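The values are calculated or read from the model by the stated rules, or taken from the named source; none is laboratory data. Quantities reported herein were computed from a predicted structural model and do not represent experimental measurements. Ideal geometry is used to build each Cβ from the backbone, glycine not excepted, and the neighbour counts take in all protein chains shown.
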Amino acid sequence: MIISNMRYPFGRKLAMVETPSFNCLIKTAKDGLFRRQSTSFSVFGSGAVPRRLVATLQFGDHLDSDERLRIHDIMAEMLDQAGMNGSSLDEALRGVFEDLEGKNIGRGTMLGL
């Protein structure tokens with residue numbers, strides 16, 4: 001279940017997905033002052049602490065900020081559906097990355113679960 005999906009100032013968005021299979025924090029934000037947004041994926045336990053970064057997604061340069069935030073929502077929905085259907089976070093992220101890379105939206109990097 002997507003328990004929160006909030007937009008914050010300066011083009012940031014944060015979603016928390018809790019499923020029977022995994023809990024994932026999805027953060028889309030700028031990498032730096034003059035850089036574009038990217039998305040990071042972290043696992044968390046109860047109470048959202050502690051978190052551990054497990055993957056990142058670098059968007060293609062052709063996407064504007066609003067498109068990136070829309071894709072953030074799509075990724076949250078995809079992870080939620082996969083987790084509710086029993087997939088592990090590793091399987092779910094690989095599926096999301098494969099789909100987005102096939103559509104030339106961005107490139108995902110697994111950092112290890």
Return the residues of region 10-55 that are outside any strand (DSSP E or B) and at pLDDT 85 or above; say none if nothing qualifies. THR19, PRO20, SER21, PHE22
Which condition does GLN81 not pass, out of (1) within 23 Å of PRO9 (Cβ to Cβ); (2) surrounded by fewer than 16 Cβ atoms within 10 Å (Cβ to Cβ); (3) not small (Gly, Ala, Ser), if it passes all the others? (1)
Residues to consider are LEU89, LEU57; find the one that is touching a residue at least 12 places away in the same chain (Cβ under 8 Å), surrounded by 14 or more Cβ atoms within 10 Å (Cβ to Cβ) and more than 18 Å from THR19 (Cα to Cα). LEU57
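Residue by residue, here is whether (1) small (Gly, Ala, Ser); (2) loosely packed, with under 15 Cβ neighbours inside 10 Å; (3) under 21 Å from ARG107 (Cα atoms) holds:
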| site | (1), (2), (3) |
| --- | --- |
| ARG7 | no, yes, no |
| MET16 | no, no, no |
| ASN23 | no, no, no |
| THR28 | no, no, yes |
| ASP31 | no, yes, yes |
| SER38 | yes, no, yes |
I'm trying to understand the selection: among the residues of region 92-109, which are surrounded by 14 or more Cβ atoms within 10 Å (Cβ to Cβ) and assigned to a helix (DSSP H, G or I)? ALA92, LEU93, ARG94, GLY95, VAL96, PHE97, ASP99, LEU100, GLU101
